[in-house]
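What follows is a set of notes on a single structure, which appears directly below.
The values are calculated or read from the model by the stated rules, or taken from the named source; none is laboratory data. Because the structure is a prediction, the values reported are computed rather than measured. Cβ: placed from backbone, ideal geometry, glycine included. Neighbour counts: every protein chain shown.
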Amino acid sequence: MQKITKPDWIPENAGNEFTTSIMAGVQDIEHKTKPRTLTKHLSVDDYVKGILDGNITILSKAITLIESNASRHYNLAQEVLKIVLPNTGKAIRIGVTGSPGAGKSTLIESLGLKLIKSKLKVAVLAIDPSSTITHGSILGDKTRMESLSQEKSAFIRPSPSSGTLGGVTRKTRETMLLCEAAGYDVILIETVGVGQSEITVRSMVDFFILLLLPEAGDELQGIKKGVVELADLLVVNKAEGTNKMRAELTQRAYSNALSMLQPATKGWSPKVLTCSAVEGTGIWDIWSVVNEFREITATSGIFKERRQKQLLDWMDSMLRDELQRLFFDNHIIKNKYQSYKESVLKGTMTPSQSVFDLLDLFKKTK
Ligand code: GDP
């Protein structure tokens, strides 16, 4: 339907007393019709070659396949991954977490730009727990890392925008592998320090950084023990000007607290640094610690051991997710599940009885 509008000489608030109207011109219609373009479907070989050549457009397309929920795309992506797998694993994988506003993206940009200057290729990925629940986004929507995103040696990909955390985890892990195959030396994975997502990121990185803000006193207000225990390095950001002293007090308080906690990585005592992401001070110290960590854990074998454990954990958690999906998507189970729940609530069946009956039904549907 063409839109009918009033000519511009009719007063704005005029009613039906002006009966004249005009139709959109032919020019306009042509303009709105998009020219038909034939999008070329890439073959597995095209994807593999493009990724190994470091072609950003093809890398992005391959990641879109990974993020797609269509099985056709999933299968294609898996074929590509299988071929590029021997070219993965060479990057250092670093997780960065911290509350919103702690300065994660500013720090990643600052560190990323420095790494690029020293001829490294940097990929930044994100896991945003809010996107899996509300499709909203704490991390993705802000215009972030503007200078870094303009660098040829940087690749920035926001969090997959939907799915369960399990699904997002798989997608991010596979995206990380593709980036490694495309020659990125450093993979930075950003997440917000809320809930489950830090544990998820910890399960896929070699080194984990917790970004903190200077606190009011040298007594820590409710130290976030769970997250602190995951970290290999704590960094108190915004340590400049009048904040510098407070940042150093916070640094000391966390150093003391750490001595009482279990280290996240065997054979490595977590460190606490201060930095100013905005001024760019203390950023190289972070990178030095990363390198020190890499050396120590490579020599002790912990680096490789962790990666192998992560692979097996990935396999196990995916297997569990898939089994669960198969079970609950099964049409017979779908029919019975509700009535079994009602029987359990009425007390005519015990929970164990219902579980074993449902599993029996499931096995019979094979
Ligand atoms: P994120 O939510 O953790 O990613 O935090 P952002 O990187 O978006 O930073 C939140 C705010 O803190 C922004 O206004 C930044 O400009 C500011 N910020 C980040 N790093 C520093 C810093 O080192 N010093 C100061 N003063 N402000 C900073």
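Out of curiosity, is Ser105 more than 13 Å from the ligand (Cβ to nearest atom) and among the polar types (S, T, N, Q)?
Criteria not met by Ser105.
Is it the case that Thr297 is surrounded by 16 or more Cβ atoms within 10 Å (Cβ to Cβ), outside any helix (DSSP H, G or I) and either touching a residue at least 12 places away in the same chain (Cβ under 8 Å) or away from the ligand (no atom under 16 Å from the Cβ) (or both)?
No, not satisfied.
Answer with yes or no whether Leu326 is among the aliphatic types (A, V, I, L, M), surrounded by 11 or more Cβ atoms within 10 Å (Cβ to Cβ) and free of Cβ contacts under 8 Å to residues at least 12 places away in the same chain.
yes
Do we find a residue being part of a loop (DSSP other than H, G, I, E, B) and surrounded by 16 or more Cβ atoms within 10 Å (Cβ to Cβ) anywhere in segment 50-72?
yes
So Thr265 fits all but one of (1) surrounded by fewer than 16 Cβ atoms within 10 Å (Cβ to Cβ); (2) outside any helix (DSSP H, G or I); what number is the exception?
Of (1) surrounded by fewer than 16 Cβ atoms within 10 Å (Cβ to Cβ); (2) outside any helix (DSSP H, G or I), only one is false for Thr265: (1).
Identify all residues within segment 332-347 that are within 36 Å of the chain's Cα centre (by Cα) and free of Cβ contacts under 8 Å to residues at least 24 places away in the same chain; write none if there are none.
Lys334, Asn335, Tyr337, Gln338, Lys341
Just one of (1) outside any helix (DSSP H, G or I); (2) out of contact with any helix residue (DSSP H, G or I) (no Cβ under 8 Å at 6 or more places or on another chain) trips up Leu312, so point out which.
With respect to (1) outside any helix (DSSP H, G or I); (2) out of contact with any helix residue (DSSP H, G or I) (no Cβ under 8 Å at 6 or more places or on another chain), Leu312 is out only on (1).
Just to check your reading of the model, which residue among Leu261, Leu273, Leu234 is under 17 Å from Thr97 (Cβ atoms), within 16 Å of the ligand (Cβ to nearest atom) and out of contact with any Ser or Thr (no Cβ under 9 Å at 6 or more places or on another chain)?
Leu273
Looking only at segment 175-189, filter to residues that are assigned to a loop (DSSP other than H, G, I, E, B) and out of contact with any Gly (no Cβ under 7 Å at 6 or more places or on another chain); which one of those is surrounded by the most Cβ atoms within 10 Å (Cβ to Cβ)?
Filtering segment 175-189 for residues that are assigned to a loop (DSSP other than H, G, I, E, B) and out of contact with any Gly (no Cβ under 7 Å at 6 or more places or on another chain), the one surrounded by the most Cβ atoms within 10 Å (Cβ to Cβ) comes out as Tyr184.
For segment 210-227, enumerate the residues that are touching a helix residue (DSSP H, G or I) at 6+ places or on another chain (Cβ under 7 Å) and at pLDDT 90 or above.
Across segment 210-227, the qualifying residues are Leu210, Leu211, Leu212, Pro214.
Report, ordered by the first and then the second residue, all pairs with beta carbons closer than 6 Å, sequence separation of six or more or different chains, a first member in segment 275-293 that is under 15 Å from Lys244 (Cβ atoms) and of a type outside the set (A, V, I, L, M, F, W, C), and a second member that is within 8 Å of the ligand (Cβ to nearest atom) and modelled with pLDDT under 95.
Partner pairs satisfying both residue conditions: none exist.
Go through segment 227-262 and report how many residues are touching a residue at least 24 places away in the same chain (Cβ under 8 Å) and outside any strand (DSSP E or B).
24
Does segment 78-100 contain any residue that is within 21 Å of Val186 (Cβ to Cβ) and out of contact with any helix residue (DSSP H, G or I) (no Cβ under 8 Å at 6 or more places or on another chain)?
Yes, segment 78-100 contains a residue that is within 21 Å of Val186 (Cβ to Cβ) and out of contact with any helix residue (DSSP H, G or I) (no Cβ under 8 Å at 6 or more places or on another chain).
Could we say that Lys271 is surrounded by fewer than 22 Cβ atoms within 10 Å (Cβ to Cβ), basic (Lys, Arg) and at pLDDT below 95 here?
So Lys271 does not fit the description; no.
Mind checking which residues of segment 107-118 are in contact (Cβ under 8 Å) with a residue 24 or more places away in the chain and among the basic types (Lys, Arg)?
Within segment 107-118, just Lys114 meets the criteria.
Out of all the residues in segment 340-362, is one or more among the charged types (D, E, K, R), in contact with a helix residue (DSSP H, G or I) (Cβ under 6 Å, 6 or more places away or on another chain) and either more than 26 Å from Leu165 (Cα to Cα) or surrounded by 11 or more Cβ atoms within 10 Å (Cβ to Cβ) (or both)?
no
With the requirement that a residue be within 16 Å of the ligand (Cβ to nearest atom), in contact with a strand residue (DSSP E or B) (Cβ under 8 Å, 6 or more places away or on another chain) and either among the polar types (S, T, N, Q) or more than 23 Å from Leu273 (Cα to Cα) (or both), what does segment 108-125 give you?
Residue satisfying the conditions is Leu125 alone.
Residues of segment 186-215 being away from the ligand (no atom under 16 Å from the Cβ) and not polar (S, T, N, Q), which ones?
Within segment 186-215, Val186, Ile187, Ile199, Arg202, Met204, Val205, Asp206, Phe207 meet the criteria.
Of all residues in segment 274-288, which are closer than 25 Å to Phe303 by Cβ and buried (at least 19 other Cβ atoms within 10 Å of the Cβ)?
The answer is Cys275, Gly282, Ile283, Ile286.
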